[in-house]
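Read-outs: derived from the displayed coordinates by stated rules, not from any lab. Note that the coordinates shown come from a computational prediction; the quantities given were computed from them, not determined experimentally. Here the Cβ positions follow ideal geometry from the backbone for every residue, glycine too, while neighbour counts run over all protein chains shown.
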Amino acid sequence: MVIRQGDVVWITLPAPRGSEPGRQRPAVVLQHDRFNQTAINTAVVAIVTSNMRLAAVPGNVRLRRGEAGLPKASVVNVTQIATVDRDDIVGRLGTLTRRRLSQVWDGVRLVIEPD
């Protein structure tokens, strides 16, 4: 499957441990397209959750139902960044707008920016 930065995709993850995400869920592709168009068989994503309480966490981005094809209101959890095997990407829901993707990147920077 061809993926692009900003795509919202379905991924299949193993059973969760602790606070890890698990099972089938949406995720936003963060990886730059120059890597998406290579033979590299992994992709860097931010996990999407329907746990709306996480919308209050600084940096997280709330998405409306239907936005980028999401079946319900959701939150991009910028503290849950994962590298997944492309074989675990099982479908594409849609694509975030540039504005929304920019908000996600602002959140990611908040989490990983050095002091």
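Place +1 on the Cβ of every Lys and Arg and -1 on the Cβ of every Asp and Glu in the stretch 7-112, take the dipole about the Cα centre, and give the residue among 82, 102, 55 whose Cα lies farthest towards its positive end.
Checked the options; the winner is 55.
How far, in nm, would the chain grow between residue 106 and residue 55 when pulled straight, counting 0.36 nm per residue and subtracting the alpha carbon separation?
My answer for the length gained is 16.9 nm.
Apply the a/c threshold of 1.5 to the C-alpha gyration tensor of the stretch 69-115 and tell me whether it is rounded, prolate or oblate.
It comes out oblate by the Cα gyration axes.
Using 7 Å Cα-to-Cβ label points, what is the residue 39/residue 65 separation (nm, one decimal)?
4.6
Could you give me D for the chain, from Stokes-Einstein at 25 °C and 0.890 mPa s, where the hydrodynamic radius is the Kirkwood radius over C-alpha pairs? Units µm² s⁻¹, please.
174
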